[in-house]
Every structure is written in structure tokens, then in C-alpha cells.
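S.K.: The structure follows.
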Amino acid sequence: MKTASKLLAFAFALALGGAAQAQVIIFSDDFNSNASGLNTTPVGWSVSGGTVDIIGEGTGYNYFPPGHGLYIDLDGSTGSAGLMSQGFSLMAGTTYVASFELAGNQRQAGDDTVSVNFGGASGNWTLGQSDGWTPLSLSFTPVSSGSYYLSFKNNGGDNVGALLDNVVITAVPEPESWALMLAGLGLLVASGRRRLSRSA
């Protein structure tokens, strides 16, 4: 009986451990693998209707203490802020969370409002010019599998925009997946109990 209790405790611990790791990272970009430059499109992204800049450490345009690497100025140097976007294949019924960090322009250029769209979810955030890095997120659960976009747009066109860094998309498995796993663990424990009672 003690062994069955140990099996049950093990199964419960395993389920809790799995739940703690439920979110799976499907995309991550801190922009550090890019070449810096004004009016430069980050690798893997597209920019339409204007431009963005890749700035930060080692560029002459670094507005934070060392340690933050490269990041995006969402209002490039052409007087027209670009729409920066990337497409992703997402599965129906799975919840996805797009996490990112936004900061104010750090250049005494007034507030900036950034529009973020992720699939069918959207949000607008206004950042004061001196606001530091602020973690934000949007979640989206597609009703059908397909290609969906994550996009960022600074609403303005004065060559000084809000700053973007550390974009991450995670997938959260459906509750049904966890239910199936727990049912399987329950069968494993029951099987262990039967074996123990036969050998006793």
C-alpha cells in the first residue's frame, strides 16, 4: 500500500511539474542578432508604410545603461513610423501569449502610443517619454488553424518613437491535453496498485 501511495504522490508531482512547464516558447527575439542601423528591418520581420531603427548598445543611439543590447525604435528616421510585423502558423484551440517590453522614447519627445495586434487581439499602450522597460502581453486563441500576424505600430511620425525589445510568443496547451495526461497517470497508479495486491 505504501508503494501505491508513493506512486500516487509521484504522479501528482509529475502533473504539477508538467503544469509549471505548460507554456512552450514558439518564438523569441531580443534583436541582438541583428545588425544595427537607422531605417533597418530586423531579420524575420517586415516593415511597411514607413521605417523602424535598430539601436542600442554600440550604436551611438543607446538610451539605457549597458546590458540591454539592441532594441527597436518604432518610429524610424524617415518621418513615417512603419508597421513592423511577422506571421506565425497557429493551431486552433491553443491559447498563445505574445509578451514584449515597451519603453518611452527617452529623448524628451513627448508621449508615444503603440498599437499592437496579435491575431484577433489588439491593444494600445501610451508610454511617457521617460518610462523605462515595461513588460506587456496579449493573448489570442484562434478558432481555426492558419497564419496570423503579430504587429507593432508607433502612432506618430516625428522620427522619435517608443522602444521595443524581448518579443516572445508562448503556446499554452489546451486543458484537454492536461486532462488526458492526468487520466493516463491515474491508470498508471491503478495498474501499480493491482500489481502490488497480486504480489502481496
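The values are calculated or read from the model by the stated rules, or taken from the named source; none is laboratory data. Owing to the predicted nature of the structure, the values given are computational and were not obtained by experimental measurement. As a convention, Cβ positions derive from the backbone with ideal geometry for all residues, glycine included, and neighbour counts pool all protein chains shown. Just the protein is used for accessible areas: all its heavy atoms, side chains included, with ligands, DNA and RNA removed. Shrake-Rupley method; radii C 1.70, N 1.55, O 1.52, S 1.80 Å.
S.K.: Mind listing the phi-derived Karplus ³J(HN,Hα) values for the stretch 157-168, rounded to whole Hz, using 6.51, -1.76 and 1.60 with θ = phi - 60°, and x for any glycine or proline?
M.R.: Listing the rounded values in order: x, 10, 6, 10, x, 5, 10, 10, 7, 6, 8, 9 Hz.
S.K.: Another question, then. According to the square roots a ≥ b ≥ c of the eigenvalues of the Cα gyration tensor, what is the shape class of the stretch 49-88, taking rounded for a/c under 1.5, prolate for a/b larger than b/c otherwise, and oblate for the remainder?
M.R.: oblate
S.K.: How much of F64 can a 1.4 Å solvent probe reach, expressed as accessible area in Å² and rounded to 10?
M.R.: My reading of the accessible area for F64 is about 30 Å².
S.K.: Okay, next question. Mind listing the long-range amide H neighbours of T95? Cut-off is under 5 Å, sequence gap 5 or more, other chains count too, H placed in the peptide plane at 1.01 Å from N.
M.R.: Residues meeting the criterion, in which the H sits 1.01 Å from N, are V172.
S.K.: Put a dot 7 Å past each Cα toward the Cβ at S147 and S28; how far apart are the dots in nm?
M.R.: In this crude label model, S28 to S147 measures out at 2.6 nm.
S.K.: Moving on to the next point. Quick one: if you stick a label point 7 Å off each Cα along the C-beta vector at S85 and E57, how many nm between them?
M.R.: That separation, rounded to one decimal, is 3.3 nm.
S.K.: Also: State the extension gain, in nm to one decimal, for the chain segment bounded by S137 and S77, taking 0.36 nm per residue of separation less the distance between their alpha-carbons.
M.R.: Between S137 and S77, full extension yields an extra 18.9 nm.
S.K.: Compute the convex hull volume of the Cα atoms of the stretch 48-140, divide it by the residue count, and report the result per residue in Å³ as a whole number.
M.R.: Considering the Cα atoms of the stretch 48-140, their hull volume per residue is 115 Å³.
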